[in-house]
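All of the numbers you see were taken from the coordinates with simple rules; none came from a lab. Keep in mind that what you see is a predicted model, and the values were worked out from it rather than measured. Cβ sites come from the backbone with ideal geometry, for glycine too, and all protein chains shown count toward neighbours.
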Amino acid sequence: MKIPTTLKHKPVIVSDNYENVDGRYAYKTDAKGLSLGLAQWNDRGKVDISAKVWRYTGEKWSRQSEELPLHRVLDLAILVCRTKLHFREAYRYEKLYDTEKPVIDRVGLQGDAMNVAVCVENEKIDEDIKLFTQALSDDDELLGERLRVLSSILKDMGY
């Protein structure tokens with residue numbers, strides 16, 4: 001299935017078989033493709049690149065398709081990596097995090113820092129963090145494979 005090129009997001013680089021590699025949803029997902037292209041929110045004279053996840057309901061392209069600026073894609077990757085790093089040692093805490101210090105890290109970006117923290121405002125955090133930890137563990141092979149590929153590409157790029 002080809003990603004549409006007639007919509008506001010203009011694909012330039014695509015993965016039109018993403019449904020085959022969408023983690024545990026591979027071969028049974030509505031996320032049919034990924035693209036990097038010209039953002040749908042571009043104004044005249046201003047061009048941004050965005051990443052988009054293309055969802056297909058079986059009948060039409062879904063409005064739930066997501067478009068993100070590239071820096072947000074990378075910010076999400078940073079958040080995933082820092083989260084995985086935390087949960088490697090989380091077993092040391094009774095509740096899987098330091099209840100006195102729920103901020104796990106502050107990642108320096110653009111002269112400030114992005115907080116990485118346990119959401120203590122979640123009234124079911126004690127239950128949810130256990131479920132989260134189990135799901136993270138269950139997906140370790142899927143995530144590990146992608147992180148190794150990402151690491152290798154970053155090294156090839158000189159990072």
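Among (1) buried (at least 18 other Cβ atoms within 10 Å of the Cβ); (2) over 30 Å from ILE125 (Cβ atoms), where does GLN40 come up short?
If we test GLN40 against (1) buried (at least 18 other Cβ atoms within 10 Å of the Cβ); (2) over 30 Å from ILE125 (Cβ atoms), just (1) comes out false.
How many residues are among the hydroxyl-bearing types (Ser, Thr, Tyr) and within 14 Å of VAL73 (Cβ to Cβ) when one looks only at the stretch 19-57?
Of the residues in the stretch 19-57, 2 are among the hydroxyl-bearing types (Ser, Thr, Tyr) and within 14 Å of VAL73 (Cβ to Cβ).
For ALA90, work out the one condition from (1) surrounded by 16 or more Cβ atoms within 10 Å (Cβ to Cβ); (2) touching a His at 6+ places or on another chain (Cβ under 6 Å); (3) not charged (D, E, K, R); (4) not in a strand (DSSP E or B) it doesn't fulfil.
Every condition holds for ALA90 apart from (2).
From the list ARG82, ARG72, which residue is among the charged types (D, E, K, R), under 30 Å from LYS32 (Cβ atoms) and in contact with a strand residue (DSSP E or B) (Cβ under 6 Å, 6 or more places away or on another chain)?
Numbers: ARG72 fails: in contact with a strand residue (DSSP E or B) (Cβ under 6 Å, 6 or more places away or on another chain).
That would be ARG82, the only listed residue that is among the charged types (D, E, K, R), under 30 Å from LYS32 (Cβ atoms) and in contact with a strand residue (DSSP E or B) (Cβ under 6 Å, 6 or more places away or on another chain).
Do any residues in the stretch 117-134 that are free of Cβ contacts under 8 Å to residues at least 60 places away in the same chain have Cβ atoms under 6 Å from those of residues that are in a loop (DSSP other than H, G, I, E, B) and hydroxyl-bearing (Ser, Thr, Tyr), where the two are at least six apart or on different chains, and which pairs are they?
Here the result reads VAL118/TYR97, each pair linking the stretch 117-134 to a residue that is in a loop (DSSP other than H, G, I, E, B) and hydroxyl-bearing (Ser, Thr, Tyr).
Yes/no matrix, rows are residues, columns are (1) surrounded by 11 or more Cβ atoms within 10 Å (Cβ to Cβ); (2) among the small types (Gly, Ala, Ser); (3) in contact with a His (Cβ under 7 Å, 6 or more places away or on another chain):
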site: VAL103; (1), (2), (3): yes, no, no
site: GLY108; (1), (2), (3): no, yes, no
site: LYS130; (1), (2), (3): yes, no, no
site: LEU136; (1), (2), (3): yes, no, no
site: ASP140; (1), (2), (3): yes, no, no
site: LEU150; (1), (2), (3): yes, no, no
site: LEU154; (1), (2), (3): no, no, no
